[in-house]
Amino acid sequence: NLKGKVLKLADPVLSQAAGEPFLVVESEEGYYITGDVSEFLLGDLSQGQEISGTAYESGTSFNAEIREIKAYPDTNAGQGNTGESFYPFTAFIADPSGLKDGEEVSFNLTVGAEDTDSLYISKAFVRQQDGVYYVYIADSDGKLKKQNVECGRTVYGSSIQIKNGITADDLIAFPYGKTVREGAKTVQVSVEQLYT
């Protein structure tokens with residue numbers, strides 16, 4: 001729900017074909033913004049929660065309140081990563097001073113105190129199949145083993161929190177080829193050797 005003035009009302013079919021909104025409403029209360037949240041952070045976001053953000057163009061900082069989180073992912077979001085879904089949300093900025101209509105912004109979500117004891121690994125090591133996340137590790141005999149993991153939040157878009165399934169002592173296999181199979185012999189290398 002929003003309170004405002006209708007600036008544009010057009011044919012929905014024609015507007016969609018042109019890639020334009022069929023309804024434009026100027027809010028009398030503040031600004032409504034839309035964004036996408038990673039499935040790994042979805043559980044940390046809730047209606048009524050306050051988030052902060054920064055506008056790219058003006059550099060203006062703001063606070064916003066989450067008003068709605070969609071139950072289904074946006075099929076057009078996060079196209080570069082097929083293993084991660086993004087859910088649309090709407091937030092409300094009560095004080096839009098310094099912001100411009102249509103300006104792009106970035107959001108910051110504080111999920112409590114900084115968790116320095118958690119295990120984070122590169123997202124490149126994590127795979128997904130039928131909604132289940134897994135990695136390949138070396139078992140006690142040095143053979144490749146598929147290990148399911150429980151994932152948490154994504155940090156800087158490149159590292160992912162591992163809540164359960166492996167520990168910092170496990171040896172994770174990389175890279176994965178199309179012919180990867182459990183039971184294959186593994187060779188242990190250093191991180192420096194991995195990226196050279």
Fraction of accessible area attributable to carbon and sulfur, the stretch 1-58 (%, probe 1.4 Å): 50 percent
Once amide H atoms are placed 1.01 Å from N in the peptide plane, what residues at a sequence separation of 5 or more from residue 37, or on another chain, have their amide H within under 5 Å of its amide H? 87, 89
Separation between the residue 185 and residue 36 pseudo-spin-labels, each 7 Å from Cα along Cα→Cβ, expressed in nm? 4.4 nm
Leaving out same-chain residues fewer than 8 places away, which aspartates and glutamates sit with a Cα under 14 Å from that of residue 143? 170, 182
Amide H to amide H under 5 Å from residue 173: which residues, 5+ apart in sequence or cross-chain, H placed 1.01 Å off N in plane? 136, 137, 138
Length gain on complete extension for the stretch residue 68 to residue 44, per 0.36 nm per residue less the alpha carbon to alpha carbon distance? 7.3 nm
Calculated from backbone phi, Karplus (6.51, -1.76, 1.60) coupling profile of the stretch 132-141 in Hz, x at Gly/Pro: 10, 8, 8, 10, 9, 10, 8, 7, 5, 9
Loop only per DSSP, at most 14 neighbouring Cβ atoms within 10 Å: give me the chymotrypsin sites (Phe, Trp or Tyr not before Pro) in the stretch 1-96, ordered by residue number. 22, 56
Loop only by DSSP, 15 or fewer other Cβ within 10 Å of the Cβ. Give me the GluC sites (Glu not before Pro) in the stretch 11-84 that pass, ordered by residue number. 28, 29, 57
In nm, what is the difference between 0.36 nm times the number of residues separating residue 95 and residue 76 and their Cα-Cα distance? 3.9 nm
Rounded accessible area per residue of the stretch 6-53, 1.4 Å, Å²: 65 Å²
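The values are calculated or read from the model by the stated rules, or taken from the named source; none is laboratory data. Here the structure is a predicted model, which means the values were calculated and not measured. Glycine gets a Cβ as well: all are built from the backbone with ideal geometry, and neighbour counts include every protein chain shown. Note: accessible area is taken over every heavy atom of the protein model, side chains too, but ligands, DNA and RNA are not part of it. Shrake-Rupley method; radii C 1.70, N 1.55, O 1.52, S 1.80 Å.
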